[in-house]
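Before any comments, here is the structure.
The values are calculated or read from the model by the stated rules, or taken from the named source; none is laboratory data. What you see is a predicted model; the values in this text were computed from it and never measured. Neighbour counts run over all protein chains shown; Cβ positions are idealised from the backbone, glycine included.
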């Protein structure tokens, strides 16, 4: 008579102690229910990618820069394409990460699953000091985690930093091009219409000179997935007193910032 071995019991994840605040209940498990690497298989993509928030610049790259679509996903808001172009004789991927930490993090995670390993993001940001002119370059050295997405990738902490190599590549590129720039912390928030004066002043005391909605999530995803990531921002609207839009959506500035991001990314 053959002896039958009982089936191995299914491993049940340990129950973690509840926190008064669910956002602080970090789970370090490396595998999620919807794991990007299972959904988006590795393909032939460039190892370098610029996540560009400027759709007008991307449109120009498609029309005049030889950018071609190499991948896309579809969501309720439409297509999320990834393009490839040649920049300085090298392959470069370009994608719009969408606005807000959750969507931006998902786009980054998808690109990583496809095979990209080195990233620079370029975008605009509100300034917390009116002396920062529209178009002035600000390089984040850390992001205050006043959003939700980063807490699903890293344990709770007040801030998160870009990859040192990416930061060094950005600064080296800016110096090589003879450009003035500021290095400072940035304030990442989900609350577009809850940027109160008290919170703004508090972040400013911490060393933040800009406010945006994605940097902390970008840096956290990159750390979790062990890829290199940095970001370049330019001064946009002014939140240092009363809000001033300052007509900051200027194509020439955005076009230049993309070129600098591409140069820095490909130097990594």
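General observations
- Candidate set from the stretch 32-57 (those that are in contact (Cβ under 8 Å) with a residue 40 or more places away in the chain and in a helix (DSSP H, G or I)); member that is surrounded by the most Cβ atoms within 10 Å (Cβ to Cβ): 57
- Condition check for residue 223: within 30 Å of residue 30 (Cβ to Cβ) and in a helix (DSSP H, G or I): yes
- Residue within the stretch 164-178 that is over 17 Å from residue 48 (Cα atoms), buried (at least 21 other Cβ atoms within 10 Å of the Cβ) and in contact with a strand residue (DSSP E or B) (Cβ under 8 Å, 6 or more places away or on another chain) present: no
- Residue match in the stretch 58-79 (condition: under 20 Å from the mean Cα position of the chain (by Cα), touching a residue at least 24 places away in the same chain (Cβ under 8 Å), in a helix (DSSP H, G or I) and within 22 Å of residue 224 (Cβ to Cβ)): no
- Note on the stretch 227-252: residues that are surrounded by fewer than 19 Cβ atoms within 10 Å (Cβ to Cβ) and out of contact with any helix residue (DSSP H, G or I) (no Cβ under 9 Å at 6 or more places or on another chain) total 9.
Matching residues to (1) touching a residue at least 12 places away in the same chain (Cβ under 8 Å); (2) assigned to a loop (DSSP other than H, G, I, E, B):
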| site | (1), (2) |
| --- | --- |
| 144 | yes, no |
| 157 | yes, yes |
| 172 | yes, no |
| 194 | no, yes |
| 200 | yes, no |
| 203 | yes, no |
| 218 | yes, no |
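Let's see how each residue does on (1) at pLDDT below 95; (2) surrounded by fewer than 22 Cβ atoms within 10 Å (Cβ to Cβ); (3) under 21 Å from residue 43 (Cβ atoms):
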{"position": "96", "(1), (2), (3)": "no, yes, yes"}
{"position": "100", "(1), (2), (3)": "no, yes, no"}
{"position": "105", "(1), (2), (3)": "no, no, yes"}
{"position": "110", "(1), (2), (3)": "no, yes, yes"}
{"position": "115", "(1), (2), (3)": "no, yes, yes"}
{"position": "133", "(1), (2), (3)": "no, yes, no"}
{"position": "140", "(1), (2), (3)": "no, no, no"}
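- Condition check for residue 157: within 18 Å of residue 224 (Cβ to Cβ) and under 13 Å from the mean Cα position of the chain (by Cα): no
- Whichever residue in the stretch 80-92 is more than 19 Å from the chain's Cα centre (by Cα) and in contact (Cβ under 8 Å) with a residue 40 or more places away in the chain and, among such residues, is surrounded by the fewest Cβ atoms within 10 Å (Cβ to Cβ): 88
- Those residues of the stretch 111-163 which are touching a helix residue (DSSP H, G or I) at 6+ places or on another chain (Cβ under 7 Å) and at positive phi, in sequence order: 135
- Residue in the stretch 191-207 that is under 16 Å from the mean Cα position of the chain (by Cα) and either exposed (fewer than 14 other Cβ atoms within 10 Å of the Cβ) or within 23 Å of residue 97 (Cα to Cα) (or both) present: no
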